[in-house]
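**Q** One structure is given below, represented as C-alpha cells, and several questions about it will come after.
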Amino acid sequence: MPGPLRTEAIVLRSIRYGEADRILHLYTPGYGRLSAIAKGARRSRSRFGARLEPFFHIRAMLHEGRSDLLTVTGVDTVQTHGALRDHAATLDAASRACDAVSRLFETSDPHPQVFRLLGNELALLESGVAHARPGNGLSFRLKLLLAAGIVPQLAACAVCGETEHLGGFSGAAGGVVCSACEAGSFSLAEEAYRFLVTALGSPLAQAPDGPELILRQVERAISETAEHHAHVRLRPLLAA
C-alpha cells in the first residue's frame with residue numbers, strides 16, 4: 001500500500017518545476033533511482049532550505065502515492081559535499097558522475113554498492129581538484145560497469161578465449177580480442193589494457209592515469225561496452 005518511505009539518498013539532479021516546486025532525481029541504497037517532487041522547495045521560507053541541491057547526501061522522508069512520482073515530506077542533511085563546488089573541474093566531474101549513475105541505473109532495483117561508490121566519488125572530489133582528472137572519472141565508470149554486471153572481459157579474448165596477442169577491443173564482443181578475432185574491433189595499446197586492469201583492482205583514491213591517447217582508448221572501451229550491453233550512451237569525459 002502507498003505510504004511513507006524513509007531512505008538515505010544522493011541528489012542526482014534537481015529541476016525547477018512550476019512556480020515554486022522542484023523535481024528531484026535521487027539515488028538510494030535500497031530503492032535504486034527514485035523521482036520525487038518537493039512542493040514549495042523554491043520558496044524563500046521553504047522548510048527544505050537548500051538541502052535538495054545536486055550532490056547532497058540526505059535522509060529523505062517521502063510519501064508514496066498512486067503515481068511514480070513520490071512527494072518529499074522531510075529532509076535531513078548527512079553531507080553537503082559543498083567544497084566540490086569551489087572548482088569548475090570538481091563540479092563538472094561530480095555532475096558527470098551523477099549523470100553516469102542516472103543513465104546506467106535508471107530503475108528502482110537496489111544497488112547499494114553503487115550508492116556507496118557514488119558517495120565515495122563525491123567525497124574524493126570534495127577533498128581536492130586532483131581527483132577530478134579524467135583517470136579518476138574513467139575508473140569510476142569502469143566500476144559502475146562492474147556493478148551493472150557488464151564489465152569488459154580482460155583476461156582472455158572475448159570471442160575465442162585466447163589469452164595471448166590481445167591487441168584489440170570490441171564493445172560488441174564484450175572485451176579484449178586477439179589478433180585472430182579483431183574484425184570490428186579497435187586497437188588497444190598495452191598501456192590502455194593495463195589501465196583497465198589496474199582501475200578494476202584499485203580503490204578510487206588510487207585510480208591510475210595516463211597520456212591523453214591512452215585515456216581516449218580507455219574511454220572508448222567503456223563507452224562502447226555501455227552502448228552495446230546496457231544500451232546507454234554516456235557523456236564524454238574527454239573533450240573532442
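**Q** Where in region 111-133 is the amide nitrogen less than 15 Å from a point lying 7 Å along the Cα-to-Cβ axis of SER202?
**A** Flagged as within label range: 130-133.
**Q** Still on this structure: In percent, how large is the relative contact order of the chain, given Cα pairs closer than 8 Å and 6 or more residues apart?
**A** 16 percent
**Q** Same structure, new question: What percentages make up the Cα-Cα pair-distance distribution of region 21-169 when the bins are 5 Å wide from 0?
**A** 2, 9, 16, 17, 17, 14, 10, 6, 3, 3, 2, 1, 0
**Q** Quick one: GLU53, GLU190, GLU106, fewest Cβ neighbours within 10 Å first, how do they rank?
**A** Lowest to highest Cβ neighbour count: GLU190, GLU106, GLU53.
**Q** Could you check the simple spin-label distance between ARG66 and SER179, using points 7 Å along Cα→Cβ, in nm with one decimal?
**A** Calculated label separation equals 6.7 nm.
**Q** Tell me the mean residue ellipticity at 222 nm calculated for the chain from its helices only (DSSP H runs of n ≥ 4, each -39500 (n - 2.57), averaged over every residue, nearest 500).
**A** For the chain, the value works out to -11000 deg cm²/dmol.
**Q** Moving on. Compute the helix-to-body angle for 190-201: its Cα long axis versus the longest principal axis of the chain, expressed 0 to 90° and rounded to tens.
**A** Its long axis makes an angle of about 40 degrees.
**Q** Quick check: convex hull of the Cα atoms in region 4-82, volume per residue, rounded to a whole Å³?
**A** 82 Å³
**Q** Also: Could you tell me what a quarter of the Cα convex hull surface of region 86-230 works out to, in nm² with one decimal place?
**A** Its average projected convex-hull area is 8.4 nm².
**Q** Of all beta bridges DSSP finds with both residues in the chain, what is the antiparallel percent, to the nearest 5?
**A** Taking every DSSP beta bridge within the chain, about 90 percent pair in antiparallel fashion.
A short reminder: the numbers here are calculations on the coordinates, not readings from a lab. Keep in mind that what you see is a predicted model, and the values were worked out from it rather than measured. Here Cβ is always computed from backbone atoms with ideal geometry, including for glycine, and neighbour counts include all displayed protein chains.
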